[in-house]
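What follows is a structure written as structure tokens; I'll ask about it next.
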Amino acid sequence: MAESVAKLIRGQTTVKVEKAIELLVRAGSVASVREDITRFIKAASLAGILMVVLATTVFAQNATQLDNALPEGQGVVTALSANSTAITYWVSASDGWHVVTTVDTVFGLGSDAESHAVVRFSAVLLPGQCQLISVPGTIGEPQQVLRIRRRGDHIEVLRLPASSV
């Protein structure tokens, strides 16, 4: 195949690109390049997902180590399941502390049909108040629940065991 392309290039001063592409397609090189690119994109996507999962684990451990306290303006990522994560942050205002949680659930993870369902929850919490956010799982599995509670001068973010709800 490469020899045919080389002969075409040497034999003519003006090479027809279409003819060269046609030779490559017949030889299967373009198809394999497309397959290689597709594999690379999928591998890069998987690597990105793994990085997010690792970052989620680190943030979740940090929240646990600090009595689940979340400083103002800083977000914490909580893994709710293998395909759902929640990002929570809060800011202080005159009417209370505004807590915002965004939940991202991925369907068809790693496939060409991958899609996301993203939902944002917002609440104003006064001292002692809490907010529960539940994310349904597959049929027969318990739902995941995230509890966000204002305790004194901080916000606590905690994923509850399914039996606690």
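Bear in mind these aren't lab numbers, they're just calculated from the coordinates by the rules spelled out. No experiment lies behind these values; they were computed from the predicted model shown.
Report the extension gain between SER94 and LEU160 in nm, rounded to one decimal, defined as 0.36 nm multiplied by the number of residues separating them, less their alpha carbon distance.
Gain on stretching SER94 to LEU160: 20.8 nm.
List every residue whose amide H lies under 5 Å from the amide H of GLY137, counting only residues 5 or more places away in sequence or on a different chain, with H placed 1.01 Å from N in the peptide plane.
Under 5 Å from the amide H of GLY137: GLN143, GLN144.
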